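Student: Sharing a structure here in structure tokens format.
The values are calculated or read from the model by the stated rules, or taken from the named source; none is laboratory data. Quick caveat: nothing in here was measured; it's all calculated off a predicted structure. Every residue, glycine among them, receives a Cβ derived from its backbone with ideal geometry; neighbour counts consider all protein chains shown.
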């Protein structure tokens, strides 16, 4: 009986690790989004994650929500400095996420300040 329980637990653990590796390392898409950075915050009850939003329209009707992994310290610092400005974000989209990674499927890997198309020189 102990052997069966051990095999069952080991099988479940291996299946979970395969599922986690697929979710974490296999990306659904990569791309860029631009807009005014309107929010960056660290939130959560059990696990704190960095979350943010950019507005992609003049009225703010089109909001792009994203997450940032803790390992991307430079991205987090840059986003904190650029809040309220127009930015270009490089992201990866995963199939899904786990609560300790972030609230969204979109994870930012790079941020650059851009000139707003709404302000003409």
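Student: Looking at region 80-120, which of its residues are touching a helix residue (DSSP H, G or I) at 6+ places or on another chain (Cβ under 8 Å) and more than 24 Å from residue 22 (Cα to Cα)?
Tutor: The answer is 87, 111.
Student: Can you find a residue that is surrounded by 12 or more Cβ atoms within 10 Å (Cβ to Cβ), touching a residue at least 40 places away in the same chain (Cβ under 8 Å), over 15 Å from the mean Cα position of the chain (by Cα) and closer than 23 Å to residue 115 by Cβ anywhere in region 37-50?
Tutor: Checking region 37-50: at least one residue is surrounded by 12 or more Cβ atoms within 10 Å (Cβ to Cβ), touching a residue at least 40 places away in the same chain (Cβ under 8 Å), over 15 Å from the mean Cα position of the chain (by Cα) and closer than 23 Å to residue 115 by Cβ.
Student: Examine region 7-28 for a residue that is modelled with pLDDT of 95 or more, surrounded by fewer than 18 Cβ atoms within 10 Å (Cβ to Cβ), touching a strand residue (DSSP E or B) at 6+ places or on another chain (Cβ under 7 Å) and part of a strand (DSSP E or B), and state whether such a residue exists.
Tutor: no
Student: A further question on this structure: Closer than 20 Å to residue 96 by Cβ, without any contact (Cβ under 8 Å) to a residue 24 or more places away in the chain and within 16 Å of the chain's Cα centre (by Cα), is that true of residue 19?
Tutor: In short, no.
Student: For region 79-88, give me each residue that is surrounded by fewer than 18 Cβ atoms within 10 Å (Cβ to Cβ) and either under 13 Å from residue 51 (Cα atoms) or free of Cβ contacts under 8 Å to residues at least 12 places away in the same chain (or both).
Tutor: Selection gives 80, 81, 83.
Student: Residue 97: part of a loop (DSSP other than H, G, I, E, B), in contact with a strand residue (DSSP E or B) (Cβ under 9 Å, 6 or more places away or on another chain) and under 26 Å from residue 45 (Cα atoms), yes or no?
Tutor: Taking the combined requirement at face value, the residue satisfies it.
Student: Please work out if residue 91 is modelled with pLDDT of 90 or more, more than 18 Å from the chain's Cα centre (by Cα) and surrounded by 12 or more Cβ atoms within 10 Å (Cβ to Cβ).
Tutor: When the stated conditions are applied, residue 91 does not pass them.
Student: OK, next. On the basis of being under 20 Å from residue 94 (Cα atoms), at pLDDT 90 or above and more than 13 Å from the chain's Cα centre (by Cα), does residue 67 make the cut?
Tutor: no
Student: Residue 53 passes all but one of (1) assigned to a helix (DSSP H, G or I); (2) in contact (Cβ under 8 Å) with a residue 12 or more places away in the chain; which number fails?
Tutor: Every condition holds for residue 53 apart from (1).
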